[in-house]
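Engineer: Got a structure for you, written out below as structure tokens; questions coming shortly.
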Amino acid sequence: MLPKSTQRKLALYLASMVALHGFVLFKSFGGIRAGLPDFSIFYTAGRILHDGHRLELYDNGVQEQVQRSFSPAAVEKRKSILPYNHPPFEALLFAPLARFSYLTAYCLWLTVNVSLLVVMTLILRRYFAHLGRAPLHLWLLACFGFYPIFCALLQGQDSILVLFCYCMAYVTFRDETEFRAGSWLGLGLSKFHLIFPFALPLVIVWRKRFIAGFAAVAMVSSAIGLATVGWHGLLQYPGYVWDSEHNPNYLWQVPARNIANLRGVIESFLPGNHPWGKGMLLFALSATLVLGVAYVWNRARTAGLGCRDLAFALNLIAAVLVSYHLYIHDLSLLFLGILIIGETVVSTHPARPWLKRTILACVSVLFCSPVYLILFFRYQQLELLAVVLLVLFMALLVWWAGLASAAKPPPTLAGT
């Protein structure tokens, strides 16, 4: 249980972050009404399906026609559309919202996202023995005071939905129902670039029940996508995503170095036109992280609950670092990892004080909203957050190794 004085300080700090977010929301309201948020892509997809043009979901001409019909000022300001580059099955979620005006649909989706966050908070509190005893208002302040979550809400993104799937995967892992954990993670495949890097280490160590649940939901999602856009649309989708990611005409594209993952770090610290060398380095570093997390999961089979929780947090951080495509709202997933880290810090104590200080310093940076605003908008160097994540990953790995060693059963004496 957090001391009362600590709770008051945290509440004051988090309330100041929420107040800052409220100011940003106030300044952004004009852009929301004009259709500038990312929600435009989901509303566009919903309108295309609602109007009976599902086979043309990935036709840029059709998407532009639809977007100009509800947000012409936004298209003119961007000088391009916001392409719907998500899997076809996700578009079905937004077809019902196409019955409403853009602003009404945005508010309805915002209500859904806020509801998911509240439900997620209520569920998670039951699985944290120490942090769960903190007042509900502190949990809610932490949730809405985390800038990536606020950004996801503001943009009308689906990152909250993916975070909810991750949280349900975590609690089902805790309940030792790995088939359900895999199924929940499979439901988050709308952002496959943040899901596959998490699932891969568990595939490597052959967690069969997890794999079965994940594969089952992935196949159902693919079948739904096939029924939605047909074979042509389904086969067209990978190339469409790749072209959208590298199309410089889209105003929403940010410099590759201004992203908080390994790709951003490599682009920032290795300037120049050496795509093959950068690609090989990115692959090598990504493979190292994935294999390292696979080793952690394999060792965590026989370790205590704290080690298994840290394995989940390490895997989550690694998935963010390995992801190729990443924006601030995608960092919402780190909220769950921070909760797991906080619970472990409160319930156990690292052997070395410097380790605890390093972990808390990294978490403090991640929970400071001005850091995101300054690094992303002012200096366009969000990759520095990836450096923080790498330091946090290494510190957690050292901590996990100590906990795993302590959890080893004592050696059996000969003849006993």
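Engineer: Please determine whether any residue of segment 252-262 is farther than 25 Å from residue 147 by Cα, more than 18 Å from the chain's Cα centre (by Cα) and of a type outside the set (Gly, Ala, Ser).
Structural biologist: Scanning segment 252-262 turns up no residue that is farther than 25 Å from residue 147 by Cα, more than 18 Å from the chain's Cα centre (by Cα) and of a type outside the set (Gly, Ala, Ser).
Engineer: Taking the residues in segment 25-35 that are among the hydrophobic types (A, V, I, L, M, F, W, C) and out of contact with any helix residue (DSSP H, G or I) (no Cβ under 7 Å at 6 or more places or on another chain) as candidates, determine which candidate is least open to solvent (accessible area, probe 1.4 Å).
Structural biologist: The qualifying residue least open to solvent (accessible area, probe 1.4 Å) is 29.
Engineer: Something else about it: For residues in segment 36-73 being more than 26 Å from the chain's Cα centre (by Cα) and among the small types (Gly, Ala, Ser), which is least open to solvent (accessible area, probe 1.4 Å)?
Structural biologist: Here the answer is 71.
Engineer: Among (1) in contact with a helix residue (DSSP H, G or I) (Cβ under 7 Å, 6 or more places away or on another chain); (2) open to solvent by less than 40 Å² (accessible area, probe 1.4 Å); (3) charged (D, E, K, R), where does residue 245 come up short?
Structural biologist: All conditions pass for residue 245, except number (1).
Engineer: Continuing with the same structure: Checking residue 129 against (1) within 24 Å of residue 3 (Cα to Cα); (2) assigned to a loop (DSSP other than H, G, I, E, B); (3) open to solvent by less than 20 Å² (accessible area, probe 1.4 Å), which test does it fail?
Structural biologist: It fails just one condition, (3).
Engineer: So residue 81 fits all but one of (1) farther than 14 Å from residue 34 by Cα; (2) not in a helix (DSSP H, G or I); what number is the exception?
Structural biologist: (1)
Engineer: Scan segment 358-384 and report the pairs whose first residue is free of Cβ contacts under 8 Å to residues at least 40 places away in the same chain and whose second residue is open to solvent by 50 Å² or more (accessible area, probe 1.4 Å) and of a type in the set (S, T, N, Q), with Cβ atoms within less than 6 Å and a gap of 6+ or a chain change.
Structural biologist: 375/381
Engineer: Kindly indicate whether residue 375 is of a type in the set (A, V, I, L, M) and within 22 Å of residue 38 (Cα to Cα).
Structural biologist: So residue 375 fits the description; yes.
Engineer: Let me ask you something else. Please name all residue pairs, on different chains or six or more residues apart, with Cβ atoms under 8 Å, provided the first residue is in segment 8-20 and is closer than 15 Å to residue 135 by Cα and the second residue is part of a helix (DSSP H, G or I) and of a type outside the set (Gly, Ala, Ser).
Structural biologist: 10/138; 10/141; 11/137; 11/138; 11/141; 14/138; 14/141; 15/141
Engineer: Grab the helices (runs of 4 or more DSSP H) fully contained in segment 134-186, keeping just those with 1 or more residues being in contact with a Gly (Cβ under 8 Å, 6 or more places away or on another chain).
Structural biologist: Filter on segment 134-186 gives 159-174, 178-186.
Condition check ((1) within 25 Å of residue 309 (Cα to Cα); (2) over 18 Å from the mean Cα position of the chain (by Cα); (3) at pLDDT 95 or above) across all residues:
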{"position": "97", "(1), (2), (3)": "no, yes, yes"}
{"position": "130", "(1), (2), (3)": "yes, yes, no"}
{"position": "143", "(1), (2), (3)": "yes, no, yes"}
{"position": "149", "(1), (2), (3)": "yes, no, yes"}
{"position": "159", "(1), (2), (3)": "yes, no, yes"}
{"position": "167", "(1), (2), (3)": "yes, no, yes"}
{"position": "175", "(1), (2), (3)": "yes, yes, no"}
{"position": "197", "(1), (2), (3)": "yes, no, yes"}
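Engineer: Does residue 84 satisfy being more than 30 Å from residue 139 (Cα to Cα), out of contact with any strand residue (DSSP E or B) (no Cβ under 6 Å at 6 or more places or on another chain) and either of a type in the set (D, E, K, R) or modelled with pLDDT of 95 or more (or both)?
Structural biologist: no
Engineer: Do you know which residues across segment 341-364 are open to solvent by 50 Å² or more (accessible area, probe 1.4 Å) and not small (Gly, Ala, Ser)?
Structural biologist: 349, 352, 353, 354, 356, 357, 360 - these are the residues of segment 341-364 that are open to solvent by 50 Å² or more (accessible area, probe 1.4 Å) and not small (Gly, Ala, Ser).
Engineer: Quick one: in segment 94-107, which of the residues that are free of Cβ contacts under 8 Å to residues at least 60 places away in the same chain and closer than 22 Å to residue 224 by Cβ is surrounded by the fewest Cβ atoms within 10 Å (Cβ to Cβ)?
Structural biologist: Ranking the candidates gives 99 first.
Engineer: Still on this structure, please answer the following. Output the number of the condition that residue 18 fails; it satisfies all remaining conditions of (1) aliphatic (A, V, I, L, M); (2) more than 30 Å from residue 145 (Cα to Cα); (3) within 26 Å of the chain's Cα centre (by Cα).
Structural biologist: Unmet for residue 18, out of (1) aliphatic (A, V, I, L, M); (2) more than 30 Å from residue 145 (Cα to Cα); (3) within 26 Å of the chain's Cα centre (by Cα): (2).
Engineer: Run down 365, 320, 371, 391 and say which single residue is at pLDDT 85 or above, closer than 24 Å to residue 145 by Cβ, touching a Cys at 6+ places or on another chain (Cβ under 7 Å) and assigned to a helix (DSSP H, G or I).
Structural biologist: After applying the criteria, what remains is 391.
The values are calculated or read from the model by the stated rules, or taken from the named source; none is laboratory data. All of these numbers come straight from a predicted model, not from anything done at the bench. Every residue, glycine among them, receives a Cβ derived from its backbone with ideal geometry; neighbour counts consider all protein chains shown. Side chains are part of the model used for accessible areas, which takes the heavy atoms of the whole protein and leaves out ligands, DNA and RNA. Shrake-Rupley method; radii C 1.70, N 1.55, O 1.52, S 1.80 Å.
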